[in-house]
Amino acid sequence: MTPLEGLDYAGVAVFAATGALAASRKQLDMIGFGFLAAVTGIGGGTFRDLILGETPVFWVQKPAYLVVCVAMAALVYFTAHLVESRYRLLLWLDAIGLAAFAVMGAAKGLALTGSPITAIVTGMMTATFGGILRDLLAGEPSVLMRPEIYVSAALTGAGVFVAASLFGAPLVVASAIGVVSAFAVRGGAIRFGWAFSPYRPRPGRPPEDVM
Amino acid sequence: MTPLEGLDYAGVAVFAATGALAASRKQLDMIGFGFLAAVTGIGGGTFRDLILGETPVFWVQKPAYLVVCVAMAALVYFTAHLVESRYRLLLWLDAIGLAAFAVMGAAKGLALTGSPITAIVTGMMTATFGGILRDLLAGEPSVLMRPEIYVSAALTGAGVFVAASLFGAPLVVASAIGVVSAFAVRGGAIRFGWAFSPYRPRPGRPPEDVM
Amino acid sequence: MTPLEGLDYAGVAVFAATGALAASRKQLDMIGFGFLAAVTGIGGGTFRDLILGETPVFWVQKPAYLVVCVAMAALVYFTAHLVESRYRLLLWLDAIGLAAFAVMGAAKGLALTGSPITAIVTGMMTATFGGILRDLLAGEPSVLMRPEIYVSAALTGAGVFVAASLFGAPLVVASAIGVVSAFAVRGGAIRFGWAFSPYRPRPGRPPEDVM
């Protein structure tokens, strides 16, 4: 297993765990755990592969990824009650997955297209898409809409990886500093509430008042 | 038309009808009926084909599928008021579509990859994706979040089909017992409220209380 | 740049602006503006390319589209407070984007498949998918569920373009009358509330009352 593959499996595993935690918050049954775990775990990478035209997508070629998702779902099913706050755990695991997938997505995008801009965007999208799907399907408020920094952490990780690669850093070094940067930014956001100042002027009125 | 094609058209038609029923519940106009019917009818198979790299997707190659969706939308538009409970009808038609697509998705996945695990997952995803899309777009509560068995019925149908195929059953036999199994499980769930015991410990708190 | 490319850039730019306006209504930060702008701007075309098997998708091959999205996000970020009603502006820009993408999607579908039905459907889906994504992610009520005409405008534009092409009109003429038709229909709907009579019999009851 190459370091990048290891990163990919790690990202799938922690995102799968966040999907299962969302299932436990909604008190779904065991199959619901497995389904949300799989959708969240493989959602980002599936999207990345579709965009890049790398089909059949990664988990069709290596079903081991699905086994990882099911195993994480089972693990969470039997241990989630031990956790004081499942939502905080979900956010932290999501941060690890975000960091891993930002770099994986950027690496795959850079390898296939050679374009730094494209690589940064595939990194961002891979990192955020699984969590977006999870929140949509589970009816959780979207991580995208949270006040603290989220997408920017993925942007940081993908950007650092691409910059390091362009400066000639070996793949494993560029990956490592990319993952650490993304996790540091997102971790600081969760722990200390780091946020850009939001857009101020005024919130939107309901469409009924406007039309 | 092969038996599998017949199954595919049947699945598209009943899912299209569930989309049109959702449109009638939301009192959309005639075009809204057609749109939701098409998205629901071809959504699952579109996703299956994208994942497997079978592009252009099936309905681009055979627009007859779209004609089926539009015809079902028109049929529902003119008859839905005769039905006592459109939501119950929607659930039963959804059950038929789920059974048909679980087998179709598994058959296509097995034929293209040879992997039983992948085939089961493409079966599950094909069977559930159209309904998920329909509920997201129409603002209905997601079938995924309902207490009775749903995804498991797709899992059963795909699993039975794959097992029967591995044991050498002819395609038409494996398909038939797959469809019947899935429909029996989902039908029992609708009729008798079959459910796995849900995850108990405690429901999730709202994110605001946790952070 | 060909006229069709110009149309595509225009569609991406105005849809990106609607995404950024939705971000401003939700008071996201600057990165949230860029993310929603990009998802909305390139969502419809991404979907079109995936369906048609045109991968890697258009913006992977030409990252200039992403630059356009980011530029529109910045423009909206610094000017949205000047607008009296951002939601009305969003609807009008959405109408321009809808018209541009209905024709673009139909043109690409017709060129690749030769099927008029498929071309009309890829036109409709390209035109509506970005807005659907924007509303799902931003938690806005979906444009699809609005009472006035929406999908029908895309259908009109795609249909007029395809009909004109079949009658031998040059590409630029067919495109122009397609765009104008779609915009006229949607603009009339916004300005005068044009609507088909909705489906009447009765609204859906909540699932809990039915089961």
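Under the definition of partner shielding as Cβ atoms of other protein chains within 10 Å of a residue Cβ, what is the mean value for peptide C:95-107?
Partner Cβ neighbours, averaged per residue: 0.
If DNA, RNA and ligands are ignored and the probe is 1.4 Å, what is the ranking of B:VAL70, B:VAL173, C:VAL60 by accessible area, most exposed first?
Largest to smallest exposure gives the sequence B:VAL70, B:VAL173, C:VAL60.
Compute the distribution of all C-alpha to C-alpha distances in the protein assembly as shown, in bins of 20 Å from 0, and list the percent of pairs in each, rounded to whole numbers.
Answer for the protein assembly as shown: a P(r) of 20, 57, 23, 0 percent.
Across peptide B:127-140, what mean number of C-beta atoms from other chains lies inside 10 Å of a residue's C-beta?
2
Cα gyration tensor of the stretch A:25-85, axes a ≥ b ≥ c as square roots of the eigenvalues: rounded (a/c below 1.5), prolate (a/b > b/c) or oblate?
Prolate.
Provide the packing ranking of C:48-55, C:99-106, B:19-26, i.e. peptides ordered by the mean count of other C-beta atoms within 10 Å per residue, highest first.
Highest-to-lowest ranking by the protection proxy: C:99-106, B:19-26, C:48-55.
Put +1 on the Cβ of every Lys and Arg and -1 on every Asp and Glu Cβ in the protein assembly as shown; which of A:PHE47, A:ILE149, A:SER85 then has its Cα farthest towards the positive end of the dipole?
Going by the charge dipole, the pick is A:SER85.
Work from the charge dipole of the stretch B:84-203 (Cβ charges, +1 for Lys and Arg, -1 for Asp and Glu, about the Cα centre) and give the residue of B:LEU98, B:GLY159, B:SER197 farthest towards its positive end.
Ranked along the dipole, the leading option is B:SER197.
Based on DSSP H runs of at least 4 residues, each adding -39500 (n - 2.57), what is the mean residue ellipticity at 222 nm of chain A after dividing by all its residues, to the nearest 500 deg cm²/dmol?
Roughly -25500 deg cm²/dmol at 222 nm, from the helical runs in chain A.
Using only the heavy atoms of the protein chains and a 1.4 Å probe, how would C:PHE129, C:PHE192 rank by accessible area, largest first?
C:PHE192, C:PHE129
When the dipole is taken about the Cα centre of chain B, and only Lys, Arg (+1) and Asp, Glu (-1) are charged at their Cβ, what size is it in debye, to the nearest 20?
In total the dipole reaches around 360 debye.
If you put +1 on each Lys and Arg Cβ and -1 on each Asp and Glu Cβ, how big is the dipole of the protein assembly as shown around its Cα centre, in Debye rounded to 20?
In total the dipole reaches around 780 debye.
Over the whole of C:53-61, what's the average partner chain Cβ count within 10 Å per residue? Rounded to a whole number, please.
The per-residue average across the peptide is 6.
If you take the Cα Rg of the stretch C:64-158 and divide it by 2.2 N^0.38 Å, with N the number of residues, what do you get?
Ratio of Cα Rg to 2.2 N^0.38 Å: 1.19.
Distances from B:PHE196 to the same position in the other copies: list them in nm, one decimal, shortest first, using label points 7 Å from Cα along Cα→Cβ.
From this label point to the equivalent ones elsewhere in the assembly: 4.1, 4.1 nm.
Please list, in order along the stretch C:23-37, the HN-Hα scalar couplings obtained from phi with the Karplus expression 6.51 cos²θ - 1.76 cosθ + 1.60 (θ = phi - 60°), rounded to whole Hz, x for Gly and Pro.
Karplus values, whole Hz, x for Gly and Pro: 4, 5, 5, 8, 6, 6, 8, 4, 5, x, 4, x, 5, 5, 4.
In the neighborhood of A:ARG48, defined by Cβ-to-Cβ distances under 13 Å, what is the net charge if each Lys or Arg adds +1 and each Asp or Glu adds -1?
So the surrounding residues net to -2.
If DNA, RNA and ligands are ignored and the probe is 1.4 Å, what is the ranking of B:TRP59, B:TRP194, C:TRP92 by accessible area, most exposed first?
Ranked list, largest accessible area first: B:TRP194, C:TRP92, B:TRP59.
Local charge sum around B:VAL179 (other residues, Cβ-Cβ under 13 Å, Lys/Arg +1, Asp/Glu -1)?
My count for the surroundings of B:VAL179 gives 0.
Could you work out the relative contact order of chain C? I mean the mean sequence separation of Cα pairs under 8 Å and 6+ apart, divided by the number of residues, in percent.
22 percent.
Just to verify a number: what accessible area does B:THR113 come out at with the full protein assembly present, 1.4 Å probe, Å² rounded to tens?
Roughly 50 Å² of B:THR113 is accessible to a 1.4 Å probe.
What list of ³J(HN,Hα) couplings, whole Hz, do you get for the stretch A:114-129 from phi and the Karplus terms 6.51, -1.76, 1.60, once you set θ to phi - 60° and write x for glycine and proline?
x, 8, x, 4, 4, 4, 5, 6, 5, x, 4, 5, 4, 6, 9, 5
Counting only residues 5 or more places away or on other chains, whose amide H sits under 5 Å from the amide H of C:LEU28 once H atoms are built in the peptide plane?
A:TYR199
With θ set to phi - 60° and the Karplus curve 6.51 cos²θ - 1.76 cosθ + 1.60, what are the ³J(HN,Hα) couplings of the stretch A:60-69 in order, to the nearest whole Hz, using x for Gly and Pro?
Running phi through 6.51 cos²θ - 1.76 cosθ + 1.60 with θ = phi - 60° gives 6, 7, 10, x, 4, 4, 5, 4, 4, 4 Hz.
Per the Kirkwood definition applied to all pairs of different Cα atoms, how many angstroms is the hydrodynamic radius of the stretch A:3-197?
16.3 Å
Sequence neighbours fewer than 8 away in the same chain don't count; with that in mind, list the lysines whose C-alpha is under 30 Å from C:LYS108.
Straight-line reach from C:LYS108, under 30 Å: A:LYS108, B:LYS62, B:LYS108, C:LYS62.
Kindly report, to the nearest 10 Å², the accessible surface of A:ARG88 as traced by a 1.4 Å probe over protein heavy atoms only.
80 Å²
Do any chymotrypsin sites (Phe, Trp or Tyr not before Pro) in the stretch A:148-186 lie in a loop, going by DSSP, with at most 11 other beta-carbon atoms within 10 Å of their beta carbon, and if so which?
Within the stretch A:148-186, the qualifying chymotrypsin sites (Phe, Trp or Tyr not before Pro) (loop, at most 11 other Cβ atoms within 10 Å) are A:PHE167.
The values are calculated or read from the model by the stated rules, or taken from the named source; none is laboratory data. Every value quoted in this text rests on a predicted model; they were computed, and no experiment measured them. When we count neighbours, we look across all protein chains shown, and the Cβ atoms used for this are built from the backbone with ideal geometry, even at glycine. Side chains included, ligands, DNA and RNA excluded: accessible areas come from the protein's heavy atoms. Shrake-Rupley method; radii C 1.70, N 1.55, O 1.52, S 1.80 Å.
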